[in-house]
Amino acid sequence: MTFLHPVADLSMSHLTAGTVSMQGANLSAVTEFILIGFSIFPHLQLMFFLLFLLMYLFTLLGNLFIMVTIWREPSLHMPMYLFLCALSISEVLYTFAIIPRMLADLLSTHRSIALTACASQMFFSFTFGFTHSFLLTVMGYDRYVAICHPLRYNVLMSAHGCACLVAWSWAGGSIVGLVVTSAIFQLTFCGSNEIYHFVCHVKPLLKLACGENVFTLAMGVGLVCITALLGCCLLILLSYAFIVAAILRIPSAEGRHKAFSTCASHLTMVVVHYGFASVIYLKPKGPQSLEGDTLMGTTYTVLTPFLSPIIFSLRNKELKKAMKKTILNKL
């Protein structure tokens, strides 16, 4: 989850400008929005459509193949792969909430989206996106227990315990999605109805809102999301601090390599996940172009989900071996 995080990009200047422009505009309530998005690339839309369609299909097939492999291979029926299966499900649902609509808009000249549809898209993208972050955190905890407390692993990571961790991840994602969506769509949108994005995203929607509580609500939404994301990131970093300390105490180089290899795919995915999020949402303030924001937005909504099955299938030896076995059995 990956997903779109409304992190610290809700600056006072953006919100003040948006509110002032709304005060001078026609204050009739908005019932639908126009997604500007890729309309700024009129000659490249077909190329973008084909590229994103292929990447989306690969994302779906890759995650489905991972889920089927884990389901069919008894040797993978362990907590780490249960979490990976849940992560693949959240990835599929997250991309389904965003990419089909984006692909349809690339082939259409009518890019309007109803207010309720926009709210639904925001809710599901935030829900599945934050679920993705929570699951990555749980996977970090699983690796911490496996390496730092191997003798207690079966007790701490029992089937019931793992199911609870997955359930809490989904519940947490749903709560964040509900809180953010409810807060944004209690605002009044008036004047212009053009969203300068290819998805119903918090920042461009706040620019269309009018009223005295826009800034306060924006800060509240930003605080909720920052707290959740930084909390996940800090827990993952803490887990790996203990993991690295435990690995360094292993006397043999082979033992250290074997221990670290069990974390390689998860650590790589964490770096990609938070790396792209940081580039997009924590970039320095300054002149921004719609073209740049649109292209950078695709790295998080299209590229990160595309890379996820590649990373886990190539960097995890047991999963890669099981996938080869599944393919050979089909042949």
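Below is a table of values for the structure above.
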quantity: Inter-residue pairs, beta-carbon under 6 Å, first among the aromatic types (F, W, Y) and in segment 189-202, second in a loop (DSSP other than H, G, I, E, B) and surrounded by fewer than 24 Cβ atoms within 10 Å (Cβ to Cβ), 6+ apart; calculated: F189/V30; Y196/I36
quantity: Residue in segment 145-163 that is farthest from N316 (Cα to Cα), counting only those that are open to solvent by 50 Å² or more (accessible area, probe 1.4 Å) and under 27 Å from the mean Cα position of the chain (by Cα); calculated: H160
quantity: Residue within segment 117-132 that is more than 20 Å from the chain's Cα centre (by Cα) and free of Cβ contacts under 8 Å to residues at least 24 places away in the same chain present; calculated: no
quantity: Output for segment 311-322, where each listed residue is open to solvent by less than 50 Å² (accessible area, probe 1.4 Å) and under 16 Å from A264 (Cβ atoms); calculated: I311, F312, S313, N316, L319
quantity: Filter pass, P204 being open to solvent by 40 Å² or more (accessible area, probe 1.4 Å), out of contact with any Leu (no Cβ under 6 Å at 6 or more places or on another chain) and at pLDDT below 90; calculated: no
quantity: One residue from S39, S120, S88 being touching a helix residue (DSSP H, G or I) at 6+ places or on another chain (Cβ under 6 Å), polar (S, T, N, Q), surrounded by 15 or more Cβ atoms within 10 Å (Cβ to Cβ) and assigned to a helix (DSSP H, G or I); calculated: S88
quantity: T216, sole failed condition from (1) surrounded by 14 or more Cβ atoms within 10 Å (Cβ to Cβ); (2) at pLDDT below 95; (3) β-branched (V, I, T); calculated: (1)
quantity: Yes/no for A246 being under 20 Å from the mean Cα position of the chain (by Cα) and of a type in the set (G, A, S); calculated: no
quantity: Boolean, F198 is open to solvent by 40 Å² or more (accessible area, probe 1.4 Å) and aromatic (F, W, Y); calculated: no
quantity: Cβ-Cβ under 8 Å pairs, at least 6 apart or on other chains, segment 293-306 side buried (at least 19 other Cβ atoms within 10 Å of the Cβ), far side part of a helix (DSSP H, G or I) and small (G, A, S); calculated: T294/G37; Y300/A277
quantity: Test: residue in segment 172-189 that is at pLDDT below 95 and part of a strand (DSSP E or B); calculated: yes
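The values are calculated or read from the model by the stated rules, or taken from the named source; none is laboratory data. The shown structure was predicted, so the numbers you read here are calculated from the model rather than taken from an experiment. Neighbour counts are summed over all protein chains in view; Cβ atoms, including those assigned to glycine, are modelled from backbone coordinates with ideal geometry. All accessible areas refer to the heavy atoms of the entire protein, side chains included, with ligands and DNA or RNA removed. Shrake-Rupley method; radii C 1.70, N 1.55, O 1.52, S 1.80 Å.
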